[in-house]
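J.: To start, I am sharing the structure in question, which I have written as structure tokens.
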Amino acid sequence: MAEMQDRFDVIVVGAGPSGNAAAYTLAKEGLNVIQIERGEYSGSKNVQGAILYADALEKIIPEFREEAPLERHVIEQRMWTMDDTSHTGMHYRSSDFNEEKPNRYTILRAQFDKWFSSKVKEAGALVLCETTVTELVKDLTGQVIGVRTDRSGNPIFAKVVILAEGVNGLVGQRSGLRDEIAPESVALAVKEMHFLPRETIEARFNLRGNEGVVIEAMGTITKGMTGTGFLYTNEESISVGIGCIVSDFAESNVTPSQLLEAFKAHPSIAPLLEGSEVKEYAAHLIPEGGYKAIPRLTGDGWIVVGDAGQFVNAVHREGSNLAMTTGRVAAETVVALHRRGEEMDALALKDYERRLEATFVMKDLRKYKGIPALLHANKGTFFGAYPRLISQAMQTWFRVDGIDKKTKEKAIFRNFRETRSVWGMLGDAWRVARAWR
Amino acid sequence: MTDLAIAPGPKVEEKLFQNRYLVDAGKPHIRVRPHEVPSASLLAMTTLCPAGCYALAESGQVEVAADGCLECGTCRIVTKATGEVEWNYPRGGFGVLYKFG
């Protein structure tokens, strides 16, 4: 390879949102960057719902709206708690979201990542696809000085390696930089792409033009497991999926594809998908351990960004924006050290962690640090008992059947009391409040 | 609680049929290490694998056919403690090629 040099300033492992954010920022600042991606192109191995949060990308490519492949801007959020036959929803829809610079978009990751990667190349980085990084190369002092790949040839050397290798993170794990993810800290999500004419989508979801709707759902759809379902409107397709914590799946007999079929067959979901043509079935892991699961992030010659660093806010279904932000901040750290001519050792790279502390990434993850354990320990309550109670209460309240309202009220409260007890409910409220604050 | 028998819809093999793959013939990226009796974790993969790659053979061992693998990594994480699965990424460029992701 003619343009391959002896030593790069930076090697970026992986071309998802965190790797692309890092490689773009570095190349834009004039550093010599090589980015290595195992897929045929950036995006070909990447799976997400997917919602793009504009803010994180705007800080990297302010004019992205003019050229990025975006599907619909989100004007309505539907939060559903479901039992087997019903859903109770909280919807927020606002025409304020029809703004000049919309806040959230639905995207198709294979197309979006390919575009982001084209920007990385334009900025001057060398992007090497169809190449899997197999291990880190260290010098005698333990400083990471490069990587080996599954292509024959010499190792590739650089002053620093940014590991944007995603949730499975084999390179970092096999080099002993971090432990394997625990099955309790990671969700398995499966997803299908359902195609429909855009007019059908707009009529079904009450949309005009490029407006879009997001549905996030929880309840008996996950069969007692910790997890959520989702449905996002794209331009001419609907992304529908469901995910649960891996250890919950392992303890149950539930097959992920059957769980998705059951969700799609739910009377609240089925009519939305009717007549669609399915064109892809995908599965992906989502790191959901939160703040407590964040591994060591820096060392001599290496930095971790994105899913490999467990940067996902499971409560708010945010991940790609944390990925892009950690990628950008890691790159900014490296640029500053490079300009000052400093060594990229553990002490110097620690600055990345200090910088992250000042962003929403660490603030949000710290805020919710108690939530993953709380939900996991009380999954039967939060994903089964309460959704059922809420549905039964709604049904009792709205069904007009000659029974007086006072009696209905009593029946609703009795149902809650008998299922959870007053102390149980107070305890649940206390635990949620404490984990939430 | 886990009765999903009523769920209609296609089998997982039919779902995989919609996907694009570039199979690295003769070089599977996942192998099950030789075993007499599978652990509970390995056995769980026969239902847990979202691509249905794992099956219990009549002889009592768990087998994997990774051609339809979605590269999620679930089996790698679930069997990490027992070491029964040898998991690598497919060679660069091979494996599932997501069209939409």
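J.: Quick one: Cα centre-to-centre distance for segment B:27-64 and segment A:30-84, in angstrom?
T.: Comparing the Cα centres of segment B:27-64 and segment A:30-84, I get a distance of 35 Å.
J.: What fraction, in whole percent, of alpha-carbon pairs in chain B exceed 24 Å separation? List each step's numbers first, then the result.
T.: Values: 1334 of 5050 pairs.
Of the Cα pairs, 26 percent sit more than 24 Å apart.
J.: I need A:LEU57, A:LEU207 ordered by Cβ neighbour count within 10 Å, fewest first. Numbers along the way, then the final one.
T.: On the way: A:LEU57 24, A:LEU207 17.
So the ranking, lowest neighbour count to highest, is A:LEU207, A:LEU57.
J.: Still on this structure, please answer the following. Just flag the trypsin sites (Lys or Arg not before Pro) in segment A:174-228 sitting in loop per DSSP whose Cβ has no more than 15 other Cβ atoms within 10 Å. Don't skip to the answer; put the middle values down first.
T.: Values: sites: A:ARG174, A:ARG178, A:LYS191, A:ARG198, A:ARG204, A:ARG208, A:LYS223; in loops: A:ARG178, A:ARG208, A:LYS223.
When the trypsin sites (Lys or Arg not before Pro) of segment A:174-228 are filtered for loop state and at most 15 Cβ neighbours within 10 Å, A:ARG208 remain.
J.: Another question, if that's okay. For segment A:85-178, with only Lys/Arg (+1) and Asp/Glu (-1) charged at the beta-carbon, what is the dipole magnitude about the Cα centre, in debye rounded to 20? Display every interim value, and only then the final one.
T.: Values: 13 positive and 10 negative charges, 26 e Å.
Here segment A:85-178 has a charge dipole of around 120 debye.
J.: If you don't mind, there's one more thing I want to ask. Considering only Cα-Cα distances, which of the following residue pairs are longer than 22 Å: A:LYS264/B:LYS11; A:LYS191/B:LYS11; A:LYS121/A:LYS279; A:LYS114/B:LYS99; A:LYS45/A:LYS223; A:LYS45/A:LYS292?
T.: Numbers: A:LYS264/B:LYS11 14 Å; A:LYS191/B:LYS11 15 Å; A:LYS121/A:LYS279 30 Å; A:LYS114/B:LYS99 11 Å; A:LYS45/A:LYS223 29 Å; A:LYS45/A:LYS292 27 Å.
From A:LYS264/B:LYS11; A:LYS191/B:LYS11; A:LYS121/A:LYS279; A:LYS114/B:LYS99; A:LYS45/A:LYS223; A:LYS45/A:LYS292, over 22 Å: A:LYS121/A:LYS279; A:LYS45/A:LYS223; A:LYS45/A:LYS292.
J.: While we're here: Give me the net charge of A:ALA308's neighbourhood, meaning all other residues with Cβ under 9 Å from the Cβ of A:ALA308; Lys, Arg count +1, Asp, Glu -1.
T.: Numbers: positive: A:ARG178; negative: A:GLU165, A:ASP307.
Here the count lands on -1.
J.: Turning to a different aspect of this structure: What nm value, rounded to one decimal, do you get for the distance between A:ALA203 and A:ASP6 when each label is placed 7 Å out toward the C-beta?
T.: Taking the simple label geometry, A:ALA203 and A:ASP6 are separated by 6.8 nm.
J.: On to the next question. Gain in length, A:GLU122 to A:TYR92, computed as 0.36 nm per residue apart minus the alpha-carbon separation, to one decimal in nm? Provide the component values of the computation, followed by the final result.
T.: Values: separation 30, 0.36 × 30 = 10.80 nm, distance 3.90 nm.
Length gained, A:GLU122 through A:TYR92: 6.9 nm.
J.: By the scheme Lys and Arg +1, Asp and Glu -1, what is the net charge of all other residues having a beta-carbon under 12 Å from that of A:ALA411? The partial results should precede the final answer.
T.: Working: positive: A:ARG399, A:LYS405, A:LYS406, A:LYS408, A:LYS410, A:ARG414, A:ARG417; negative: A:ASP401, A:ASP404, A:GLU409, A:GLU418.
Once all neighbours under 12 Å are counted, the net charge is +3.
J.: Report, as an integer, the average count of C-beta atoms from other chains found within 10 Å of each Cβ along A:187-194.
T.: Working: counts 1, 8, 2, 6, 3, 4, 5, 0.
Other-chain Cβ atoms within 10 Å of each residue's Cβ, averaged: 4.
J.: What order do you get for B:66-74, A:380-388 when each peptide is scored by the mean count of other beta carbon atoms within 10 Å, highest first?
T.: B:66-74, A:380-388
J.: Next question. Among A:GLY306, A:GLY424, A:VAL334, whose Cα sits farthest toward the positive end of the charge dipole of segment A:292-437 (+1 at Cβ of Lys/Arg, -1 at Cβ of Asp/Glu, about the Cα centre)?
T.: Toward the positive end, the furthest listed residue is A:GLY424.
J.: For n ≥ 4 DSSP H runs only, could you compute -39500 (n - 2.57) per run for the protein assembly as shown, divide by its residues and tell me the 222 nm figure to the nearest 500?
T.: Numbers: 19 runs with 173 residues, N = 538.
Rounded to the nearest 500, it is -9000 deg cm²/dmol.
J.: Then there's this: State, to one decimal in nm, how far the label point of A:ALA336 lies from the label point of A:ARG354, with both points 7 Å from Cα in the Cβ direction.
T.: In this crude label model, A:ALA336 to A:ARG354 measures out at 0.7 nm.
J.: How many Cβ atoms of partner chains, on average, are near each residue of A:30-43 if near means within 10 Å of its Cβ? Don't skip to the answer; put the middle values down first.
T.: On the way: counts 0, 0, 0, 0, 0, 0, 1, 2, 8, 11, 8, 2, 0, 5.
Mean inter-chain Cβ contacts per residue within 10 Å come to 3.
J.: Next up: How about segment A:1-61: which trypsin sites (Lys or Arg not before Pro) there lie in a loop by DSSP and see at most 13 other Cβ atoms within 10 Å?
T.: In loop regions of segment A:1-61 (DSSP not H, G, I, E or B), there are no sparsely surrounded trypsin sites (Lys or Arg not before Pro).
J.: Further question: At what distance in nm do the modelled label points of A:ALA270 and B:ALA57 sit from each other, each positioned 7 Å from its Cα along Cα→Cβ?
T.: So the two model labels end up 4.1 nm from each other.
J.: Taking a point 7 angstrom from the Cα of A:PHE413 along the C-beta vector, which residues in segment A:348-389 have backbone N less than 19 Å away?
T.: Those under the cut-off are A:389.
J.: Of the candidates A:ALA377, A:ALA331, A:ALA23, which one comes out as most mobile in a Gaussian network treatment of chain A with C-alpha springs shorter than 10 Å?
T.: Looking only at A:ALA377, A:ALA331, A:ALA23, the biggest GNM fluctuation is shown by A:ALA377.
J.: Roughly what % of DSSP beta bridges within the protein assembly as shown run antiparallel, to the nearest 5? Provide the component values of the computation, followed by the final result.
T.: Details: 60 of 85 bridges.
DSSP beta bridges in the protein assembly as shown are roughly 70 percent antiparallel.
J.: How do B:ILE30, A:ILE107, A:ILE162 line up, fewest other C-beta atoms within 10 Å first? Provide the component values of the computation, followed by the final result.
T.: Details: B:ILE30 19, A:ILE107 26, A:ILE162 31.
Lowest to highest Cβ neighbour count: B:ILE30, A:ILE107, A:ILE162.
J.: Hey, could you grab the Kirkwood Rh for chain A? Inverse mean 1/r over distinct alpha carbon pairs, Å, one decimal. Working shown, then result.
T.: Numbers: mean 1/r = 0.0433 Å⁻¹.
That comes to 23.1 Å for chain A.
Throughout, read-outs are computed from the coordinates displayed, never taken from laboratory work. Just so you know, these numbers come straight off a predicted model, no measurement behind them. Ideal geometry is used to build each Cβ from the backbone, glycine not excepted, and the neighbour counts take in all protein chains shown.
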